[in-house]
1. Can you tell me which residue in the stretch 216-265 is most open to solvent (accessible area, probe 1.4 Å), limited to those that are assigned to a helix (DSSP H, G or I) and among the basic types (K, R)?
2. Would you call D233 of a type in the set (D, E) and in contact with an Asp or Glu (Cβ under 6 Å, 6 or more places away or on another chain)?
3. Picking from E122, E133, which residue would you name as being within 19 Å of F56 (Cα to Cα) and open to solvent by 10 Å² or more (accessible area, probe 1.4 Å)?
4. When the residues of the stretch 181-197 are filtered to those that are out of contact with any Gly (no Cβ under 6 Å at 6 or more places or on another chain) and of a type in the set (A, V, I, L, M, F, W, C), which remaining residue is most open to solvent (accessible area, probe 1.4 Å)?
5. Restricting to the stretch 162-180, count the residues that are open to solvent by 70 Å² or more (accessible area, probe 1.4 Å) and under 26 Å from the mean Cα position of the chain (by Cα).
6. When the stretch 374-398 is examined, which residues are found to be closer than 17 Å to A310 by Cα and part of a helix (DSSP H, G or I)?
7. Which is in a loop (DSSP other than H, G, I, E, B), more than 25 Å from E274 (Cα to Cα) and of a type in the set (V, I, T), of T7, T59?
8. If L81 satisfies every condition in (1) under 20 Å from T172 (Cα atoms); (2) buried (at least 24 other Cβ atoms within 10 Å of the Cβ) but one, which is the exception?
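The values are calculated or read from the model by the stated rules, or taken from the named source; none is laboratory data. Quick caveat: nothing in here was measured; it's all calculated off a predicted structure. All Cβ positions, even for glycine, are placed from backbone atoms using ideal geometry, and neighbour counts span all protein chains on display. Side chains included, ligands, DNA and RNA excluded: accessible areas come from the protein's heavy atoms. Shrake-Rupley method; radii C 1.70, N 1.55, O 1.52, S 1.80 Å.
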Amino acid sequence: MARLAQTPGLTDVQQSILETVRDFADKEIIPHAQRLEHADEYPTDILDGMREMGLFGLTIDEEHGGLGESLLTYALVVEQLSRGWMSISGIVNTHFIVAYLISQHGSAEQKDRLLPKMATGEVRGAFSMSEPETGSDVSAIKSRAVRDGDQYVLNGQKMWLTNGAYSSVVATLVKTDTGAESVYGNMSTFLLEKEPGFGETAPGLTIPGKIEKMGYKGVETTEMVLDGVTVPDSAILGGADQVGRGFYQMMDGIEVGRVNVAARACGISIRAFELAVSYAQQRKTFGQPLAKHQAIAFKLAEMGTKIEAAHALMVNAARLKDAGQRNDVEAGMAKLLASEYCAEVVQEAFRIHGGYGYSKEYEIERLMREAPFLLIGEGTSEIQKTIISRGLLKEYKL
């Protein structure tokens with residue numbers, strides 16, 4: 001077992017799950033990631049293996065057919081999957097967030113109907129807040145749900161849906177006129193159910209096509225167009241009496257998502273370090289391995305230290321959430337540090353590879369295109385700093 005990114009205090013069950021996932025990543029993900037990523041091919045065989053292991057139900061309670069594991073277990077699993085290929089972790093991330101939202105805020109009917117199928121991977125989840133003209137400023141969303149008797153009619157355009165095509169349920173934040181004074185009290189989350197695929201996948205709901213990206217390939221990222229989508233008020237997350245609670249529900253899910261992004265960043269950093277430390281011991285310059293040169297040895301030391309720091313913050317944020325405590329500041333810190341350090345660690349690994357790092361034959365080339373996504377996913381570094389500073393100023397208010 002490698003020395004870096006170890007987590008003290010894990011149960012035997014957690015250790016067993018992580019060993020299984022790490023072995024799966026080594027044997028079933030890493031050997032195929034380069035080919036699949038360059039072809040932008042959906043990793044069907046890998047996902048079938050994950051379904052067999054029960055990973056889609058990792059955090060869903062046993063009552064609804066899942067494994068009932070903690071956010072910490074989930075984060076450590078994501079770390080290992082990302083070490084194999086970040087796109088794999090992306091496929092399960094939004095699924096986990098939607099399962100979490102339903103588990104924490106859903107009605108009894110929503111839980112009983114959706115969670116068992118989500119646990120097996122038969123139903124997959126997607127998460128939708130962003131819009132074409134709205135990124136970090138959630139209050140500016142324009143998509144709207146208008147009440148029509150005991151139904152709602154939804155119109156608008158959503159953006160950046162991971163799993164947008166292959167999902168069957170999309171947790172979607174839209175404006176609703178509830179009469180609240182705050183704009184945040186006039187938002188609701190709807191569970192929009194659809195058929196997997198592209199085109200019109202439910203009456204009025206269209207997934208136009210796949211957005212082409214510089215990295216994060218294999219998993220589809222899409223838009224979603226809502227044109228007169230009519231749903232009963234029971235489609236509101238938690239039921240009709242939860243109208244106007246959508247923003248707060250989604251922010252709860254985003255805290256889980258930020259821990260996930262931190263875990264992804266740790267996984268990519270670990271893989272970049274593995275590639276760099278291996279290459280540095282095999283490649284010789286001036287008559288000795290690269291690792292014998294102090295300049296390279298110091299790079300490896302800094303990379304390892306950054307991985308340890310990021311991993312520790314990620315674990316702390318997950319454990320706070322598992323304990324039922326607010327972790328917005330800690331999740332923001334973990335996401336900020338892990339994503340920034342990931343970009344730095346990957347770039348140093350790239351430099352250690354020299355000219356070979358620019359070749360598509362080498363894995364580090366792929367990591368160089370994947371790492372930047374983590375700087376913006378689930379909120380930019382600047383948004384994390386805003387969240388962190390506001391939280392600290394509340395705690396240290398004079």
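1. Taking the candidates together, the pick is R258.
2. Considered against the rule, which asks whether it is of a type in the set (D, E) and in contact with an Asp or Glu (Cβ under 6 Å, 6 or more places away or on another chain), D233 comes out as yes.
3. On inspection, the qualifying residue turns out to be E122.
4. Taking the stretch 181-197 first, the residues out of contact with any Gly (no Cβ under 6 Å at 6 or more places or on another chain) are 181-184, 186, 190-197.
Adding the requirement that they be of a type in the set (A, V, I, L, M, F, W, C) leaves 183, 190-192.
Details: V183: 56, F190: 0, L191: 10, L192: 3 Å².
Looking at residues that are out of contact with any Gly (no Cβ under 6 Å at 6 or more places or on another chain) and of a type in the set (A, V, I, L, M, F, W, C), I get V183.
5. 1
6. Hits for the stretch 374-398 are L374, L375, S381, Q384, K385, I388.
7. Going through T7, T59 in turn, the sole match is T59.
8. The number of the failed condition is (1).
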